[in-house]
């Protein structure tokens, strides 16, 4: 089936098999491999993208459903080579380790900030619940989002116990 | 996805219903896809045709009327429920159940109708819909009927729906509006998880009702109980409707115990 | 490499430098193997066994081969190679018999993933199902079904392992220190118990994936999501009898490893498919479901501990029996057994010790390395046991630990003497105890108990771990100066998210005195262009590669000074440098910039000296020895990292539901190189440990089918599962031979989270927990004296790391003799 979609502001017209997921369309047909597949079953959130203004697990959306729609992915997050506020905060707060969940995490964070501009820690935890991260333990991600939304209070990274 | 199918997305409800009537071969309706597409991926379903029901105007509508109550479209999503101020005001129990369903991005896609036609024993929306006397609007190309939700589920993953029927909406009547209700779900982690057991307790028109998920082949609800029902009587009423099993998530003993414990606590909560 | 590590004089070491690897990861540009597509690339799929143990009667691949687009089909009969890290016991595809659910029996490469999947569906396999042995305790019985009847004929690493032919014992590690029987006789108390835990999955967000191209003249290129490119190359070449120079292993960005990608996994199979398909590149990526059963997991453990304690609370003797569930293949499990055997007591001095640690084959998906390398599992037993003993003898658990903890002068199980520079476990314990106000409830906590009806408990658990590695483990670093006086560092250590790249860059910048922005570390690893590194495992990267980097810096400086000495007409001893130039100490105007000598210096008349400045540093573990096979005595530990967790937990005394209100974690890291990186390791490891403690575990039915091979029923912690409060504490007692005094800490935060939680729950509601994970139902059962559920191998549709209760040796709550 022929579909027309706008991805990160660029209009595409492509022939796509009906059973192809949006995730594989983005990765394999458009070469936008920043969006990752972590489970293929809508559980882990690594494939989270914006679809018509809402976050979805793109592994659980058919590409043909996106016909006429608008998609935004991690590749559209930085503008003119400048990291977005969220990306910059993720960098400064060490909110990235292996990086495989990062794209989905930033999409979910963006959605959260969109409907809750100044989220509490609890609201951030609730908003990211669908995005698994096995590396960071989430804390530095939460701090990065707090920082990007003006809610971060500077604190020591560690308590030190040094030899006398 | 390995299984190949064709895809149609009618833009008029009549066209859609006509399609259901005439299509040959196996078909499946696609709303949020959060169950359907996982099942196709896992090879559990192999439809020839997938019919997208979301392209029709009003598919996701939420309308509220003091007289008629609440009307949900066939593609109203769980997050639509959560963000509706009218539902917050008049049907808070629906929101309480919706908030505990899966993760945010799944709730952006998953629909209320999908959650009930899937007929999982652990449906999160069913306890609220049972407590609030929801009716399921069912249509074919030529017929329309209304089925009370109490009569909708017939077994694990089974409903009264016939092959060419489609749920075209859910009505929640005005007489259950402004009912106080609370929901509690036992999970293995704090994050998104299927319910190990779920209990909803609602105060509707001066009566108490208790709905339970994940403790019987279908979601179940007690008969109406007096508001001041004693704890033993309430537990007896619940005991009569549940029939929990042991599985990899939990044993039946603990399910039974947690249903009764949640019931006790939620009754106190709802009365408070 | 104990140098000046006074924080006041250090520029980069000890500071939270930004990560060197995140630019591409944040923008979606980082290239993982799962993102790669090569011209002409084929896609592989495997046919997997639905049975735990069965004879393969016949495989019919005709229909698959006839499918258009299929380029290669393989079955076990086509391949005559066996692989194995320490015991060569695994066929690339099952031959004759399948040994676990999910094992690969045939494989296909086709022009698309869809065709490959269809082709696999068309392969017909006839099995004769046989009775599996599922429980590792059953597998120890004399009449048990043998998973590997030919064990006696397998090749294995004889210096370290002891398989027992005609049994299911893949390895038996023994340790004997002092005289345990005498110790027990002198003891006032004897406490004996059994602890256990099921298998779990690593769950890297990127599942295992490899692309292999078997080119002309047997030149093989492998792109793989792996931790240890050089180990992949070594084992690959060993299996296929190829010279090392013909095989090139490339590791781009890796989406998490945690030990699951430490060894060799998919590469040989994918290589065989490529060869069969005429040398086209072939890609195989495991689905999440395959990650759970085709690929390895962490071994289950049953741990029996018998401890003799004096009237004063000193441990006099301890007998430790470990039964590790290898699953169907030995892989890393034999080495997990060995490393856990010599560390089995935890951070305590045991004057008379006896360890028997067995690796036991069963018909289940096989065990491999997982963050902590056995220590997560056995510390569950050790640290629950310490609380139990303290309770029985009526002494505060913290005091009891302090009496017996390792301290300078203590002798470890293997006979190593602890010094002031080994690390300080008591300081870690005291720090977390202070953080959670251990031993009492605050007024606010008492008020909260009264208001909520819940019970608040506090628990502590200690931990230790040394890198588990061969005595000759080695690594190297090459530092190349670019003509703009920046440097590029090549090391074989992979960046799997742990942050070594950044920490090592800081060490290089510090040692060179260069701006950190001028230090680049090559991120992609390539066995053809990067210097050797044994493996990216064992928390040894910072210490070993850090030292190699320092040595390489010194080598480069020495070479630069030699050139400058000519140009400046001064002795090298009179020279000094900064980030810009080398100068004469007593005549600072007389200097030459690094830029001018970076790739060779040209005098004004055109004559030239020097050449590209390249520093090389090699580092090998020093002073380690193989352990005596009968007594376990020797020196296995490059360094010990000690730590402790303290947990405040709130428990519902009726339902058993609980929540972690606070966790404090302290590690003696020697020297903090980067506080942000360290906190990321601590919090990430802690939450992974909490997953193990709370919810994770493989569940089988009685036929050996894995019942929860996906995220639907194998939950991992989400953002909502973070403890309400987290404190991370760094203790710094310098490691003399560590870079700037630092030692590794990547695995340690995961260890002992579970027993700290178990101890906290016990202190709250007196639920006596013997197995993890600790589910709400387990707490409920323990509180109300219900029979514990044994559903890890299940008779309902559910399974067990635990043996059939009837078959288990009766272990009384605690055998006490006054």
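Observations on the structure shown:
- Counting DSSP beta bridges with both ends in chain C, the antiparallel % (nearest 5): 80 percent
- Convex hull (Cα only) mean projected area of the range A:85-148, reported in nm² to one decimal: 3.5 nm²
- Computed from the Kirkwood radius of its Cα pairs, the Stokes-Einstein diffusion coefficient for the range C:1-85 at 25 °C and 0.890 mPa s stands at 124 µm²/s.
- Scattering curve values for the protein assembly as shown, log₁₀ I(q)/I(0), Debye with Cα scatterers, q = 0.04, 0.05, 0.06 Å⁻¹: -0.23, -0.36, -0.52
- For the range A:35-147, the extents of the C-alpha atoms along the principal axes are 38, 30, 25 Å, listed from largest to smallest.
- Using C-alpha pairs under 8 Å with a sequence gap of at least 6, the mean separation divided by the residue count of the range B:182-271 gives a relative contact order of 29 percent.
- Percent RCO, i.e. relative contact order, over chain C, from Cα pairs under 8 Å lying at least 6 residues apart: 17 percent
- Given their separation in residues at 0.36 nm each and the Cα-Cα distance between them, residue C:437 and residue C:63 gain 127.8 nm when the chain is fully extended.
- Estimated FRET transfer efficiency (residue C:630, residue B:88; beta-carbon r; R0 56 Å; 0.05): 0.20
- Taking B:55, B:256, B:188 as the candidate residues, the one with maximal mean-square fluctuation in a Gaussian network model of chain B, Cα springs under 10 Å, is B:188.
- Order of B:178, C:768 - criterion: other Cβ atoms within 10 Å of each residue's Cβ, fewest first: B:178, C:768
- Overall form of the range B:62-175 per C-alpha gyration tensor (a/c, 1.5; a/b vs b/c): oblate
- DSSP-defined antiparallel bridges as percent of all bridges, chain B, nearest 5: 85 percent
- The distance between label points at residue B:4 and residue C:36 comes to 3.0 nm (points 7 Å beyond Cα on the Cα→Cβ vector).
- Spatial separation of Cα centroids for the range C:113-190 and the range B:205-272, in angstrom: 46 Å
- Take every DSSP beta bridge whose two residues both sit in the protein assembly as shown; close to 80 percent of them are antiparallel.
- FRET efficiency for the residue C:131 to residue C:724 pair, using the beta carbon distance and R₀ = 60 Å, is estimated at 0.80.
- Relative to one another, the C-alpha centroids of the range C:286-357 and the range B:62-122 are positioned 50 Å apart.
- Cβ crowding within 10 Å ranks A:142, C:211 as A:142, C:211, fewest other Cβ atoms first.
- Helix-only CD estimate at 222 nm, as mean residue ellipticity for chain B, using -39500 (n - 2.57) per DSSP H run (n ≥ 4): -8500 deg cm²/dmol
- Convex hull volume per residue in cubic angstrom - Cα atoms of the range C:571-677: 277 Å³
- With Cα atoms as the point set, the radius of gyration and Dmax of the range C:231-271 evaluate to 10.9, 30 Å.
- Given R0 = 60 Å, the distance between the Cβ atoms of residue C:18 and residue C:605 translates into a calculated FRET efficiency of 0.85.
- Gyration tensor verdict on the range C:358-418 (Cα atoms; rounded if a/c is under 1.5, prolate if a/b is larger than b/c, oblate otherwise): oblate
- Both radii were evaluated on the Cα set of the range A:2-76; the Rg over Rh quotient, with Rh as the Kirkwood radius, amounts to 0.91.
- Computed on chain A, with alpha-carbon pairs under 8 angstrom and 6+ residues apart, the relative contact order is 22 percent.
- Cα shape, chain C, gyration tensor, a/c 1.5 rule: oblate
- Panel order for C:734, C:299, C:500, C:225, by other beta carbons found within 10 Å of each beta carbon, from fewest to most: C:734, C:500, C:225, C:299.
We did not get these values from a lab; they are worked out from the coordinates using the rules stated. What you see is a predicted model, and the numbers here were worked out from it, not measured in a lab. Neighbour counts are summed over all protein chains in view; Cβ atoms, including those assigned to glycine, are modelled from backbone coordinates with ideal geometry.
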